[in-house]
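The values are calculated or read from the model by the stated rules, or taken from the named source; none is laboratory data. Here the structure is a predicted model, which means the values were calculated and not measured. As a convention, Cβ positions derive from the backbone with ideal geometry for all residues, glycine included, and neighbour counts pool all protein chains shown. With ligands, DNA and RNA removed, areas are computed over all heavy atoms of the protein, side chains included. Shrake-Rupley method; radii C 1.70, N 1.55, O 1.52, S 1.80 Å.
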Amino acid sequence: IVYAGTGEPFGNLDRVAGIGIFKSTDAGETWSYLANTSAFGDIGRLIINPNDANHLIAGTSSGIYVTTNGGTTWAKTLASGNAQDFAASNDFSAIYAGVNGVGVYKSTDAGTTWTKTFDAVSENKSLGRIELDISPVDNTRLFLGIYGNNTINFYKSDDSGTTFSAINFGTGDNNVLASQGW
C-alpha cells in the first residue's frame, strides 16, 4: 500500500495547491483518489504505522488527521496549524509532529491525542518551520531544526521530548545557517 499527499504547505508564492491524498493498493501500479481528504489542504507529511498499513497520520496545512481503516474515515486530532513533519519511535509508541510556527507535539496513543512538548513561540522561533528526527539507536533522543527569523537553530532532547536544550556549535550560538535548511 502506498499513499501520496498533494500540495506544498510551505507558504511560498509559487506553491502547488493540494487536493488531498491518493492511495495505491498494488505498489503504485494504479491509484485511487481519497475524495474525503479534499478539505485537508496541502499535505506536509504522511506517516504510516509500520505494523499496520491502514493506520496513516496526515500532517496538513489545517492540522493532523488520522485514519485506522486505510482512509475510509478520518478523524481530525489536532487543529493547531500547519503540521509539516513527523518522526516516530521504532515501535510507533511515540509520534512527534512539527507544527510550523507553533512547536512540537507528541502523541503516545497512535495519534489520537497530542500534547505540546516544545513551544516555538516561547523560544522566539514563531516563524519556524520545524524539521525533526528520532535517533534510531536511542528512541529517547529527538533532534529539531527550526527555521525562523531568517536563522536556523538546533535543539535536542534526551528524554523523549520532555525537555529540550539548544545545540551549540562552539560559538555560544546554535544558529548555523541563514537559509530555510530544508
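Can you list residue pairs whose Cβ atoms sit under 8 Å apart, with the first residue in the stretch 57-81 being closer than 17 Å to G5 by Cα and aromatic (F, W, Y) and the second being open to solvent by 30 Å² or more (accessible area, probe 1.4 Å) and at pLDDT 95 or above? Count only pairs 6 or more apart in sequence or on different chains.
Y65/W74; Y65/A75; Y65/K76; Y65/T77; W74/N36
What is the residue count in the stretch 138-164 for residues that are in a loop (DSSP other than H, G, I, E, B) and under 18 Å from the mean Cα position of the chain (by Cα)?
7
Tell me, please, whether a residue that is under 10 Å from the mean Cα position of the chain (by Cα), closer than 19 Å to F40 by Cβ and of a type outside the set (D, E) can be found in the stretch 114-122.
No, the stretch 114-122 contains no residue that is under 10 Å from the mean Cα position of the chain (by Cα), closer than 19 Å to F40 by Cβ and of a type outside the set (D, E).
Inside the stretch 1-61, counting only strands (runs of 3 or more DSSP E) that do not spill past its ends, which hold 2 or more residues that are β-branched (V, I, T)?
The strands (runs of 3 or more DSSP E) meeting that bar are 43-48, 56-60.
Take the residues of the stretch 92-111 that are at negative phi and at pLDDT below 90: which is least open to solvent (accessible area, probe 1.4 Å)? Talk me through it step by step, then tell me what you get.
Filtering the stretch 92-111 down to residues at negative phi leaves 93-100, 102, 104-109.
When the remaining residues are screened for being at pLDDT below 90, the result is 100, 102.
Values: N100: 47, V102: 30 Å².
Here the residue is V102.
State whether one or more residues within the stretch 70-80 are open to solvent by 10 Å² or more (accessible area, probe 1.4 Å) and touching an Asp or Glu at 6+ places or on another chain (Cβ under 6 Å). Spell out the reasoning first.
To start, the set of residues in the stretch 70-80 that are open to solvent by 10 Å² or more (accessible area, probe 1.4 Å) comprises 72-80.
Next cut, touching an Asp or Glu at 6+ places or on another chain (Cβ under 6 Å) only: none.
No, the stretch 70-80 contains no residue that is open to solvent by 10 Å² or more (accessible area, probe 1.4 Å) and touching an Asp or Glu at 6+ places or on another chain (Cβ under 6 Å).
Please work out which residue is surrounded by the most Cβ atoms within 10 Å (Cβ to Cβ), limiting yourself to the stretch 16-30 and to residues that are closer than 12 Å to I43 by Cβ and touching a residue at least 24 places away in the same chain (Cβ under 8 Å).
I21
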